[in-house]
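What follows draws every value from the coordinates through simple rules; no lab data is involved. Here the structure is a predicted model, which means the values were calculated and not measured. We place every Cβ from the backbone using ideal geometry, glycine too, and count neighbours over all the protein chains shown.
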Amino acid sequence: MATIEKIRQVQLVGRKIRQLRKEHKLTQVELSARLGIQQSDLSRMEQGEYRVSLDTLFRILAEFKMSIGEFFEGVAQESITPRDVQLVQEFNSLPRDAQREVEDFIAFKRVQIRSEGPGELVVTGTNGAGGANIADRSDSSRPSPRSTTASGR
Amino acid sequence: MSESSQGESPEVFEEFRERWQRLIEAGHLEEAGEIIQGALAWAQERDDPRRIDGAICALAAVAIQLGRGDGELPRLREILLRNADAGNCRLAAYNISLHYEFAHNFKKSLFYARIACDRALQLGRTDWIAYSRNQLGNALLGQSFIDEASLEYQAAVELIPTPGVWRAIILDNLGYCRVLQKRFAEGYTFLYESLRQLRRYSAERYQMLPHLDLCFTHLETGRYEHARRHGVAAFELAEKIGNAEAMKNALYLLGETANLGGDTAKASGYFDRLQRDYFPDSPYLTGFLLAVDVRKLVNLHA
């Protein structure tokens, strides 16, 4: 089934909350008081060990007045707009092979932008869904950018 | 207490008790409340403090379940502190724990659940021990202590071997834990068994719980059509009984199901409704949920 890969790592979300808290110069005690939760619970949440109700989750988002771009720097620069939704719908309507081509092109463009130029690219392999992971040879120590494939959905 | 009241009280009061317990099991809480009011008046006429306290605890339990429990805490605390009757103390502590669970204060809920469990153990009543351990599980699960909670639920379910509404509710809790522990086969078994028993006993009010958890389980295992079906059933039941928390969770799960199933337009519709009806000050919410998978962050039982 063709879907966009969503950002799913709970650790990433926890780390992001910690980062935003520090950027806002808030201690865990201060933020947890504002959210109406225990400091120990916030600490576990930042470590990706704590699940919360929808109310609490959205209180956290509201506390930082977060857009998608703020929450996942580099993933998106602005909140999802109706145009973004339309793009997703159009992507989903493509055949699977065509979707993979789009994904590979996005991965290519990311690497290109990151390396501030066309760079020298090499296809390092495929992931489970057959999508190509593309690494930038100019910095091989970094993990390859994650391919936005339809895997696992 | 007069001699005559002592003589007639066991039968009459126990009749009241059986009636309200049957109504609670069937999910008819308002009607149960009326019966308990009658029992309370009966006990007050006879100046029977033990049964007055028992009726007050039962009334509080219904009020808490209906989301009107704030005013009940002082009376429950008084019964607990007076410590006149171990059974009523257990009931008071249990209901205070329930109140804090619904208020999402799981640490306090855990504290009172432990008191309720201690009292139940002193009294040696198996069913009371089971309910208290289930309550301990709820307080632990609310704090994401999933393994510890599942141990409590496992113990509770073993103490109630006979099929029935309360066993079904505990099975639902245990099933949800198993799913969070990625033990999906067991999770499915417990959740479907819970739903079957609740249907068998016509406990419609509580069927919403396994429907929600089955929606989540099917979502976790990529069976989106099954997830959608249970999500819709959960939402309809939640709407019928006016349970806002369950409606929120159902809308979120239905949106997530549609999104993961590739129907972004439908997902937007569910997330939009969630945002509009419950989080009107968070206009970014639909976009956020379309882009970010928060399944591993969300606790449906918190």
Original post:
Which peptide among B:30-38, B:134-142 comes first, and what is the full order, when sorted by highest mean count of other Cβ atoms within 10 Å?
Top reply: B:134-142, B:30-38
Subject >> Whichever lysines have a C-alpha closer than 27 Å to that of A:LYS25, once near sequence neighbours (fewer than 8 apart) are set aside >> reply: A:LYS16, A:LYS65, B:LYS296
Subject >> Residue mean of other protein chain beta carbons inside 10 Å, B:258-267 >> reply: 5
Subject >> Under 5 Å, built H, 5+ apart or other chain: amide partners of B:VAL298 >> reply: A:VAL52
Original post:
Which of the aspartates and glutamates could a cross-linker bridge to A:LYS109, judged by Cα under 13 Å and excluding same-chain residues fewer than eight apart?
Top reply: A:GLU101, A:GLU120, A:ASP136
Original post:
Per the helix-only calculation at 222 nm, which mean residue ellipticity applies to chain B, given -39500 (n - 2.57) for every DSSP H run of n ≥ 4 and division by its residues, nearest 500 deg cm²/dmol?
Top reply: -26500 deg cm²/dmol
Original post:
Order of B:SER97, A:SER53, A:SER43 from fewest to most other C-beta atoms within 10 Å?
Top reply: A:SER43, A:SER53, B:SER97
Original post:
Other chains' Cβ within 10 Å of B:277-286 residues: what's the mean?
Top reply: 4
Subject >> Burial ranking of peptide ranges A:94-100, B:256-262, A:31-37, B:148-154 (average Cβ count within 10 Å, highest at the top) >> reply: B:256-262, B:148-154, A:31-37, A:94-100
